[in-house]
1. So for I17, I26, fewest C-beta neighbours within 10 Å to most, what's the order?
2. Describe numerically, in nm with one decimal, the distance between label points set 7 Å from Cα along Cα→Cβ at A82 and at T39.
3. Along the Cα→Cβ direction, 7 angstrom out, place labels at R47 and D69. What is the inter-label distance in nm?
4. Expressed in nm to one decimal, what extension gain is obtained for the pair H31 and I93 from 0.36 nm per residue of sequence separation less their Cα-Cα distance?
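Readers should treat all values here as calculations from the given coordinates under stated rules, not as data from a laboratory. Keep in mind the model is a prediction, meaning the values are calculated, not measured. Neighbour counts are summed over all protein chains in view; Cβ atoms, including those assigned to glycine, are modelled from backbone coordinates with ideal geometry.
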Amino acid sequence: MSIVPCVQAPAPTVYVISEQAHLELIQLRDHLRLMAKLTQPGSNASRHDVLLHPHALAWWFSRMSKDVDDIVDAAFWSAAAANEANGAAEALIRG
């Protein structure tokens, strides 16, 4: 039988986003779900005679890109949140 040394996991990297950025992330998720439903095979939008104009897709992708940029710009690393998460992880390990 071998002895396995206890290896402590590295502290998690924690990023924080504002409430507004979180709301934008939820809206982005909802928009993606809507686009998935609209383009799902068998839906009215996926019929062979429906034209999906490139400018409409370009607008949507530009909007999605701007939303992601805003969310990423609002995110920041937080030493306090990282320490809190590390403390919570250690408490779970100790039981």
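1. The fewest-first ordering by Cβ neighbours comes to I26, I17.
2. 3.7
3. Spacing of the two 7 Å Cα→Cβ label points: 3.7 nm.
4. Numbers: separation 62, 0.36 × 62 = 22.32 nm, distance 3.88 nm.
That works out to 18.4 nm of additional length.
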